[in-house]
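> My questions all concern the structure below.
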Amino acid sequence: MKITLPDGSVREYPKGTTGFQIAQSISEGLARNVLAAKVGNEVWDATRPINQDTSIQLLTWNDTEGKATFWHSSAHLLAEALEALYPGVKFGIGPSIESGFYYDVDFGDREFGAEELEKIEQKMLELARQKNEYSRREISKKDALQYFEEKGDEYKIELLQDLEDGNITFYEQGAFTDLCRGPHIPHTGFIKSVKLLNVAGAYWRGNEKNKQLTRIYGITFPKQKELTEYLEMLEEAKKRDHRKLGKELELFTFSEKVGMGLPLWLPKGTMLRERLEQFLRKAQAKAGYDPVVTPHIGHKNLYITSGHYEKYGADSFQPIKTPNEGEEFFLKPMNCPHHCEIYKAKPRSYKELPVRLAEFGTVYRYEQSGELHGLTRVRGFTQDDAHIFCRPDQVKEEFIKVIDLVLHVFNALGFDDYTAQISLRDPENKQKYIGGDEAWERAETAIIEAASEKGLRTVTELGEAAFYGPKLDFMVKDALGRKWQLGTIQVDYQLPNRFELEYTGSDNQKHRPVMIHRAPFGSLERFVAVLIEHCAGNFPLWLSPEQIAVLPISEKYADYANQVYQQLQQQDIRGFVDNRDEKIGRKIRDAEVRKVPYMLIVGEKEQEEGKVSVRKHGEGDQGSLSVTDFAADFKQKVEEMMG
RNA sequence: GCCGAGAUAGCUCAGGGGUAGAGCGCGUCCUUGGUAAGGACGAGGUCAUGGGUUCAAUUCCCAUUCUUGGCUCCA
């Protein structure tokens, strides 16, 4: 049979050759590391015989699918250890996740505590050292049911009910057998380090009416070193937690009295936010956006027209009623309906399109109480929203312009690793969405084409679209390699219909514009949270709430320090003078802890020469400069950063 | 919303049936200093809120609120 390798070369192998054997024929090193094989479009066990012409890609730890296989096999290893330690436990599901894996377990009446995890880790490592093979076998539904009935595992029986006979496989390693589609790594010996991270409750099949199982999360690696690095990364993430830094750097706070999920921005956080706004306002002005302002509430009819009332009315904050007329108003959950009405404020000609209306609009959404989290999930937040109303023939071009704007933002803020997620509708479940097939297809095509023309790295997700249209979301990777969803661009053919938006074409006929929703930051709150964690609170100079600290050596130089500060302040450089009765070492330490980018130390020498001694955060003494030179350098740096 | 954990000084946290402690911060004084913590003294708490058990509750029990780890959800 003919096997096509990823480099396009074709090799001849006898029927029944396995991925592992193919790896061996290429190199011993590859064979040692191969975890699974992508055969055609399916991931297979490396040990599964291949019987026909196909393409193959050998998967190792460096491939996402290789890792997923590794972790999925680790979940089985966890189950094997659990079964050995706690005979009679029952198993739900045990998949791999983005980082690691989990297994849902029913311990029956036994109490399970987190302190038992270490014991399980040891057992897993012991079993891993046995290098037990993961062996696959096909089984009839009847035999499979019989197996789990004898074992008394009702969860697996329930899973089996939904499976088709003839398509059922078991995997076995050591003493443990599981219902599993696979694939798996060749043997447990690949798993060299194990960490069980935490235990949480999870309902069987995610339904709160079902029994709650114990979910054990874990992660494994083929090398001990990688586990150590991973645990260090988790520690670092804890240190960078925006909730912790937000408090320490006095950026924002929450108040029980104000209400959960409603952030209060402190002066320094507000400074940061306003800088971000200012930056985007400027970029948008250049890109032809018109700023608008709309109120925080809107009449119920507005949302009946938009379709949001029908979709979210019952699940959102309840309406505010006028005392006399009993009219109902909703806190605005998005800005688009208001913007549609601005579009409608006058008749539009094709000549003035695209109309781009931008607003930093604060919106309110009822989020379930259990879902609130710092600034990343709140009930009131400000979107850097804009709506572009354009002709159908302008969609792609406008879309491309928005992509450029988003990339400009990412670039200025140091997010250089991103992918674009294209979210299309679920073709199996069309009734979830409003609007006709044709409009959807046109919108989806425009997005796909724009993304490919900009050369974006993309992934496509079916069923992730908004209910009114497909979208493109930007996922950035932060300094710790964690993924965050930030900017979003959405094409919408539905709202213009619902609001009966029109423009007069060159043919003197009425036409319907297309709407593009877009928000490069997404929400200021979420963006600031991600930014804090990305830069660990060490903001880019142009954003830093306190850019400089003027530190007099002693009280004698307080006047000079104030004078220096005023001189810099007049040139839009922000900061403070530390006139406390403390030694210079102390003032430096405090400014370092506050993450102030530049410390300007002034004493006798500096006063005499009209200079400042410059110390950079995290780097130390930079020598001295005249105040004017420092200001000029500083401003030049800021300008470079803002592009 | 559901399950688990938590709430003690401005912050981080210890404690425990007999009305409370540390470090940091804050204030006053001494000190006037050269690149990551000078010293002394002092002020600060209805121990989240409401009930219950008890001679006595901050401590034990229940409820509520908020925070937190998950689950579900996310225009």
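> Of all GluC sites (Glu not before Pro) in region A:255-351, which ones are in loop regions per DSSP and have a Cβ with at most 15 other Cβ atoms within 10 Å? Intermediate results must be reported in sequence, preceding the final value.
Details: sites: A:Glu256, A:Glu274, A:Glu277, A:Glu310, A:Glu325, A:Glu327, A:Glu328, A:Glu341; in loops: A:Glu256, A:Glu325, A:Glu327.
Answer in residue order: A:Glu256, A:Glu325, A:Glu327.
> Report the antiparallel proportion of the DSSP beta bridges in chain A as a percent, rounded to a multiple of 5.
In chain A, DSSP labels about 85 percent of beta bridges as antiparallel.
> Please compute the per residue accessible area over region A:490-619 with all protein chains in place, 1.4 Å probe, rounded to a whole number of Å².
Numbers: 5490 Å² over 130 residues.
On a per-residue basis, region A:490-619 sits at 42 Å².
> What distance in nm separates the simple spin-label points at A:Asn207 and A:Gln318, each placed 7 Å from Cα in the Cβ direction?
3.0
> Report the extension gain between A:Ala200 and A:Glu555 in nm, rounded to one decimal, defined as 0.36 nm multiplied by the number of residues separating them, less their alpha carbon distance. Display every interim value, and only then the final one.
Working: separation 355, 0.36 × 355 = 127.80 nm, distance 5.64 nm.
Length gained between A:Ala200 and A:Glu555: 122.2 nm.
> Evaluate Rg over Rh across region A:548-641, taking Cα atoms for both radii and Kirkwood's formula for Rh. List each step's numbers first, then the result.
Values: Rg = 12.1 Å, Rh = 13.0 Å.
Result: Rg/Rh = 0.93.
> Same structure, new question: Taking the Cα atoms of region A:65-232 alone, what are Rg (to one decimal) and Dmax (as a whole number) in Å?
Answer for region A:65-232, Rg first and Dmax second: 15.3, 48 Å.
> At 1.4 Å probe radius, can you tell me the per residue accessible area of region A:2-60 in Å²?
Details: 3140 Å² over 59 residues.
Per residue, region A:2-60 has 53 Å² of solvent-accessible surface.
> Per 0.36 nm of contour for each residue apart, how much would the distance between A:Ser349 and A:Asn62 grow if the chain were fully extended, relative to their Cα-Cα spacing?
Fully extending the segment from A:Ser349 to A:Asn62 adds 97.9 nm.
> Kindly express, to the nearest 10 degrees and within the range 0 to 90, the angle between helix A:627-641's C-alpha long axis and the longest C-alpha principal axis of chain A.
Once rounded, the angle reads 40 degrees.
> Any of A:Lys351/A:Lys454; A:Lys244/A:Lys595; A:Lys346/A:Lys454; A:Lys119/A:Lys477; A:Lys141/A:Lys209 with alpha carbons more than 23 Å apart? Name them for me. Each step should come with its number before you reach the end.
Numbers: A:Lys351/A:Lys454 26 Å; A:Lys244/A:Lys595 14 Å; A:Lys346/A:Lys454 34 Å; A:Lys119/A:Lys477 35 Å; A:Lys141/A:Lys209 27 Å.
Beyond 23 Å: A:Lys351/A:Lys454; A:Lys346/A:Lys454; A:Lys119/A:Lys477; A:Lys141/A:Lys209.
> Once the Cα atoms of helix A:141-151 and of chain A are each reduced to a long axis, what angle between those two axes, in degrees from 0 to 90 to the nearest 10, is obtained?
So the inclination is approximately 80 degrees.
> Quick one: what do you get for chain A if you divide its Cα Rg by 2.2 N^0.38 Å?
Details: Rg = 29.9 Å, N = 643, 2.2 N^0.38 = 25.7 Å.
Scaled against compact globular proteins, the figure is 1.17.
> Continuing with this model, one more query. What lysines does A:Lys2 reach when the alpha-carbon gap must be under 18 Å and sequence neighbours fewer than 8 apart in one chain are set aside?
A:Lys15, A:Lys38
> Restricting to region A:65-232, compute how many DSSP beta bridges are antiparallel as a %, nearest 5.
Details: 28 of 28 bridges.
If I count the DSSP bridges inside region A:65-232, around 100 percent turn out antiparallel.
> Quote to one decimal, in nm, the extra length available between A:Lys238 and A:Thr270 on full extension: 0.36 nm per residue of separation minus the C-alpha distance between them.
Details: separation 32, 0.36 × 32 = 11.52 nm, distance 2.38 nm.
Between A:Lys238 and A:Thr270, full extension yields an extra 9.1 nm.
> So, by mean Cβ neighbours within 10 angstrom, what's the order for A:555-562, A:447-454 with the highest one leading? Can you show the working numbers first?
On the way: A:555-562: 16.1, A:447-454: 17.8.
Per-residue Cβ counts within 10 Å, averaged per peptide and sorted highest first, yield A:447-454, A:555-562.
> Would you list which lysines come within 16 Å of A:Lys583, measuring only between C-alpha atoms, while excluding same-chain residues fewer than 8 positions from it?
A:Lys556
> Per residue, how much accessible area does region A:65-232 have with a 1.4 Å probe, in Å²?
Working: 8230 Å² over 168 residues.
On a per-residue basis, 49 Å².
> Between A:Glu154 and A:Ser27, take the C-beta separation as r, use R0 = 60 Å, and let me know the FRET efficiency to the nearest 0.05. Don't jump to the answer; show the numbers that get you there.
Values: r = 47 Å, r/R0 = 0.78.
My answer for the efficiency is 0.80.
> Rounded to the nearest Å, what's the spacing between the alpha carbon centres of region A:32-58 and region A:298-373? Just the number, please.
About 52 Å separates the Cα centre of region A:32-58 from the one of region A:298-373.
> Take the solvent-accessible surface of the protein heavy atoms, probe 1.4 Å, and return the percent of it on chain A that carbon and sulfur atoms account for. Can you show the working numbers first?
Working: 14450 of 31510 Å².
The C+S portion of the solvent-accessible surface of chain A is 46 percent.
> Shape verdict for region A:2-60, please, from the Cα gyration tensor: rounded (a/c under 1.5), prolate (a/b greater than b/c) or oblate. Walk me through the numbers on the way to the answer.
Values: a/c = 1.32, a/b = 1.22, b/c = 1.09.
Rounded, because the longest to shortest axis ratio a/c is under 1.5.
The values are calculated or read from the model by the stated rules, or taken from the named source; none is laboratory data. Just so it is clear, the model here is predicted, and its values are computed rather than measured. Every residue, glycine as well, gets a Cβ built from its backbone with ideal geometry; the counts of neighbours run over all protein chains shown. For accessibility, only protein heavy atoms count, side chains too; no ligands or nucleic acids. Shrake-Rupley method; radii C 1.70, N 1.55, O 1.52, S 1.80 Å.
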